[in-house]
Each structure stands twice: as C-alpha cells, then as structure tokens.
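In what follows, a single structure is set out as structure tokens and then discussed.
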Amino acid sequence: MKWLRSIRLIRLIGRIGPISPIGPIRPIRPIRPIRPISPISPISLISLIALFALLSCSSPLSPEQQAALAAEGYYRHLLAGEYEQFLEGRAGADSLPDSYREQLLTGYRQFMAQQQEKHDGITAVSVSNVRTDSLDHYTSVFLLLCYGDSTQEEIVVPMVVHNGSWRMK
C-alpha cells in the first residue's frame, strides 16, 4: 500500500510541480520581449540639438573671475593645511631659496595655529569683491574669512598673471 501512495504522490507532484515549504513552485513565465525604441521625431531632434547648442554657448570667465577663483582656491589650500600648495600660489615661488621657503611654510603654520587659538580657526573663505587696477596691472581680490567664533574679516589679496596663471603678489 505504501508504494501506491508514493505513486499517487509522484503523479500529484507531476501535475502541480515541485512543492516547497511555502507552497507549490510554479514555472517561471517567459519574459516579454522589450519593445523597440521608436525613432526620434524631427521636432524632438531639432529641439535636442538646440538644447545642446544653448548649453555649450556659455561665456568664458572674465579675468577678474579667474583671479577671484584662483585666490579663493589658494586660501582653501591654506585652510586644509596644504601649505606647499598655498605657497605655490605666490608669484615667483618656484625661484625661492629653500631656507626662505621653509621660513614661509613655518609662518603659514604659525598663522593657522594663531587663528585657531584666537578665533577657533577659519571655517570658510568666500570672495566678496574684485577690482582691477589697469595702471599697475594687478587685480585686488577681496576675500571674506569666516572664523569659528562667528566673526568675519575681509582681506585684500593682490593677484597678478605669472607665466599664464593667476598668482598672489
């Protein structure tokens, strides 16, 4: 009799599929094929080209904007403790003697330690104004230093073009 039950069970499994603890396992349905992408209409194509043309026609940065971005970037290096990169932002930094270079780097470290002690450090730098002096051939970038004790200070960073890039004077 047991073999008869086994045969019935095998026939039952054959009709409904294998059984798992959560119920019968059903066969996986075949995946529907993906519809082909319809071709782009001429109006959509023209509007897409116009959008790319509009986005690519951005105006280049003015010399004042370039000087402001450079000055802000150099001071961000100073805030991050990257004193070598800050020093490289000075005009003529590549021709400094090693002893003078070390003195400047030590001075930058001392300055940042002093600001940390007095004002809880410098938390942010932003550009507040830019002015160009065409007679002396330099641009003054006014940076706003925000301190940790919520005070602010505006400093002037004279910038000059040196070997094709903006450097601190």
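The values are calculated or read from the model by the stated rules, or taken from the named source; none is laboratory data. The structure presented is a predicted model; accordingly, all values stated were derived computationally and were not measured. Cβ: placed from backbone, ideal geometry, glycine included. Neighbour counts: every protein chain shown. Keep in mind that these areas ignore ligands, DNA and RNA; they rest on the heavy atoms of the full protein, side chains included. Shrake-Rupley method; radii C 1.70, N 1.55, O 1.52, S 1.80 Å.
For the full complex of protein chains and a 1.4 angstrom probe, list PHE86, PHE111, PHE142 by accessible area with the highest value first.
On the way: PHE86 10, PHE111 70, PHE142 40 Å².
Putting PHE86, PHE111, PHE142 in descending order of accessible area: PHE111, PHE142, PHE86.
Order the following by accessible area, largest value first: MET159, MET112. Probe radius 1.4 Å; ligands, DNA and RNA are ignored. List each step's numbers first, then the result.
Details: MET159 0, MET112 25 Å².
I get MET112, MET159, largest accessible area first.
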Handout entry: Cα gyration tensor, the stretch 107-169 - rounded (a/c under 1.5), prolate or oblate
Key = prolate
Problem - Förster radius 35 Å - calculated FRET efficiency between GLU153 and GLN65, Cβ distance, rounded to 0.05 - result: 0.95
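If packing is taken as the average number of other Cβ atoms within 10 Å across a peptide's residues, how do 95-104, 75-84 rank, most packed first?
Details: 95-104: 10.3, 75-84: 15.3.
Averaged packing, sorted descending, gives the order 75-84, 95-104.
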Practice task
Starting from the Cα-Cα distance between PHE111 and THR123, subtract it from 0.36 nm times their residue separation and give me the gain in nm to one decimal.
Solution key: 2.9 nm
